Amino acid sequence: MSHTKNVEAFEKLVGVCAGCGSKYNPAQEKLQLVNMYQLLAIGQVTLQNCSDAKIEHNNAGNTREVSYQGLGKLAVRIVGELKSSGVLEQTVNDAKSALRLIKGHRTPSAVKQTTAGANGTAEPPVKKRRARGTDYATMAQHFQLLVKTVAAEPAYQPESADLKVSALNGKVYELLNNNSKLIQVWSSLMEARKKRDEVLYDKKTGLVSIAKAAKQKVMAIFGTTSTEYQQIAHIRFTIK
């Protein structure tokens, strides 16, 4: 049973208890209608907060994903521009190393054609090896390193606006900012879920615990064969 169904079931239970009128008048404060209505409202709010936080988290994730699209192709163009600038071969190699890490490979692309082995038989092509640390944060770090490499070269003077150092620094900021934003909203989502679980599933004050106690109270007041109890007997609650 989902969290939402638990809250919906509690709302039905409260409605039945209220319909019992003055006969439902428990001495325990937590089972009194005023408290149950308040708990219901809090439960509904926590569900809504979780839903809002989840949407915000999804949106932040989508934004980050879009910002990383085409990063490998952009890095290829940067390296190509650097190579055409006549800089030292060592600098180009540094940029290529960053490029391979951005694209998630330790070695250059695999040679597609087969090669002949020592015995004349065809050998399979060299396979690409995936590099560790190709998550978003690591990709941003490698891209930042590439940008710093070209920014340190006075000869790097591209005509394309998106290859200029100022634009590349803006791209680095975008990537890092989107990573941070997602971490922040993830933390908010975790906090919203924690609060929801406290409200719904605390062993003493949680909505589910109060609901089960209220059902027992109705049974004690009216009996198991009563109309009042039969109205709530089928209402089920589950603990997370």
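Summary of the geometry: region 200-240 and region 1-59, compared by the centres of their Cα atoms, lie 13 Å apart. For the pair Ser85 and Leu176 in one chain, pulling the backbone fully straight at 0.36 nm per residue adds 30.0 nm over the alpha carbon distance. For region 5-16, 3J(HN,Hα) computed residue by residue from phi via the Karplus equation (6.51, -1.76, 1.60; θ = phi - 60°) reads 5, 4, 5, 5, 5, 5, 4, 5, 4, 4, x, 5 Hz, glycine and proline entered as x. Bridging of Lys217 to aspartates and glutamates at a Cα separation below 15 Å is possible for Glu29, Glu228, once same-chain residues fewer than 8 apart are set aside. For region 1-89, the list of GluC sites (Glu not before Pro) that fall in a loop by DSSP and count at most 14 other C-beta atoms within 10 angstrom is empty. In terms of other Cβ atoms within 10 Å, Val185, Val66 run from fewest to most in the order Val66, Val185. Spacing of the modelled spin labels on Lys23 and Thr225, each 7 Å from Cα toward Cβ, amounts to 1.5 nm. Relative to the longest principal axis of the C-alpha atoms of the chain, give the angle of the C-alpha long axis of helix 165-201, reported between 0 and 90° and rounded to the nearest 10°. Between helix and principal axis, roughly 20 degrees. In this structure, the residue pairs whose Cα-Cα separation is over 32 Å, taken from Lys83/Lys171; Lys5/Lys204; Lys181/Lys203; Lys103/Lys194, are Lys181/Lys203; Lys103/Lys194. Here the sum of -39500 (n - 2.57) over DSSP H runs of 4 or more residues, divided by the residues of the chain, equals -22500 deg cm²/dmol at 222 nm, to the nearest 500.
Compactness of the chain is given as radius of gyration and Dmax, 31.0, 96 Å, from Cα positions.
The numbers here are math on the coordinates, done by the rules we state, and not lab data. Every value quoted in this text rests on a predicted model; they were computed, and no experiment measured them. Using ideal geometry, Cβ is built from the backbone for each residue, glycine included, and neighbour counts are taken over all protein chains shown.
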